[in-house]
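Laboratory data are not the source of any read-out in this text; all were calculated from the coordinates shown. Computed from a prediction, not measured in an experiment: that's the story for all the values here. Here the Cβ positions follow ideal geometry from the backbone for every residue, glycine too, while neighbour counts run over all protein chains shown.
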Amino acid sequence: MDKSDTGDLLSNGKFASPKEIILFTLIAHSSVLLRSSILLSMAASSTSPHYHYFFLLCKHNLWLRFLVDYCCLILPTVLAVSLFRDSIGSLLACMLTISFALLYVGNFGSTTTVPTKRVQLLSGQFSDHHSVAITYFRSYVLVATSVCILAVDFSTFPKRFCKTEQFGYSLMDVGVGMFTFANGLVSPVARMRTPKLCKELKNALLLATIGLARLVFVRWSGYVVNETEYGADWNFFFTLASLKITVELVVISVLPVSCIVAVAAFVAVCYELALQFAGLQVYLLETFATRQNTFFSLNREGLHSLFGYASLYLVGVHVGRLLFNFRQQLNEHNNVAGWSILKMIKLLVCCAAFTFACYHFSWLPSRRLANASYVIWMCFLCIFDTLSIFVLVFFVGCLYLSIPAVCRNQSDVQWNWIFGSCLWTSINKHGLLYFLLSNVITGMVNMTVATKTLNASTSLVILVTYSFLGSLPFAIRSAGKCLNVLDFVDVFIKKQKVVTKVIFT
């Protein structure tokens, strides 16, 4: 990639519509449903030993399990930015058709579910750390981001999906916003823990070190980056490190937890007023040719956008607390547990109304400025995805509980085989490493291949290879945690006398 390519990375005016971006994020839901339908249909087809044998292989064979996970959880996103770039709705329709067709052939329908199992499913009690919905949301943000950072360098990538230069809706623009929100979801305060000074400073220092290493690499290699994104020296790792210190340690540790949303709104409103009426917006969008040669002047976008990202991070913390509080109250059999979900729905409706108003009155979001319109748009998109994935996980769990053989052995129900033993779970656990690996491979591809000159088929092959190799280490890493799991498949195997027992050490 040479310097002449930088102008192609940012779209000017011809941006995507919010509807198209929402459809793209629904790939996450369709991917979860597709993977679940494959496993559930095999488990529920108790009349065919062949289905059980295939299911057993999927559960205990690393390569087959990885192939299923990759084809269901990673490949659809690759196809969405390549073959189906102009018809994402068709891709979703294909995935849903396959999913429901597989579920149709399964033997479901039993309703003798023990109520405690439904409570366990809703609360996510089978997860050691946090809600499965949060895990899936964070994982898909990482997967979609890693795919797009390489796909954008190919000529086949739609220009409307590229990062906007100043204002507008774009797929590439939502990545940093959703990443910020996702970090807020799992912050210590969101999990109702007191932030530990040393640990948070260590995490912030790690992010700052990575940001500095990236800056040194860019300067040393001559790798082209567009300075209008964050500034001449700033990058998103510096933004995350700053949020860890300013928001996690200063704001949240000092202010009452009940005021998190109010503080987020106050910061966003004050920052927006400064943008509109104090000349800050004109100052931030000033061309580099007229800027002073100082650190603060050359990196004004990255520094000032911290206010917007701080607001978004705080909302993520609030939503994370609501989900954790719901889980905790449900485990304690508290009748007011549903209020947490109701608060999320109310917040979603408010964000949806403001997003519609901003779109209707052409108050466009700006990732570069992280203005109020962008913060509201990101809040709506993230809360919508998190809440809808939460509902989908409950639906999948109910299907699992409706399998007759599972209903007969509900005392030994184990959730790990469908929710825990998943490629996304490993990617979420090692999110920073996955993101770094994706950035390194992307840089290597761009430095060795003239990506803009490649045709559609070659671009697709490179994207598939890149996403496959980038995911493989995390599938291998997660395999070690699944080897001692004896799940309900053994019940099927025993009953049909295919084998007596399967033990993995």
Taking the beta-carbon count within 10 Å as an exposure proxy, list I74, I245 from fewest neighbours to most. I245, I74
Among the listed pairs K19/K343; K19/K346; K163/K346; K19/K163; K244/K429; K202/K429, give every one whose C-alpha distance is greater than 26 Å. K163/K346
Could you give the nm distance between label points at S253 and F395, where each point is 7 Å from its Cα heading toward the beta carbon? 4.3 nm
Calculated FRET value between L201 and A262, using beta carbons and R₀ = 30 Å, to 0.05: 0.65
By how many nm would the segment from L472 to L212 lengthen if fully extended, with 0.36 nm per residue of separation less the alpha-carbon distance? 90.8 nm
Using a basic spin-label model with each label point 7 Å from the Cα along Cα→Cβ, how many nm lie between T97 and T465? 3.2 nm
Counted neighbours (other Cβ, 10 Å), sorted fewest up, put V176, V254 in the order V254, V176
Quick one: putting +1 on the C-beta of Lys and Arg, -1 on the C-beta of Asp and Glu, what dipole do you get for the range 243-396 around its Cα centre, in Debye to the nearest 20? 40 debye
Just want the ordering: C379, C270, C94, from fewest to most Cβ atoms lying within 10 Å of their own Cβ. C270, C94, C379
FRET efficiency, A352 to W63 (Cβ-Cβ, R0 45 Å, nearest 0.05): 0.55
Between D86 and T458, the two model label points (7 Å from Cα along the beta-carbon direction) sit apart by a distance in nm of 2.2 nm
Computed from the beta carbon distance with a Förster radius of 41 Å, FRET efficiency for N226 and W339 to the nearest 0.05 stands at 0.35
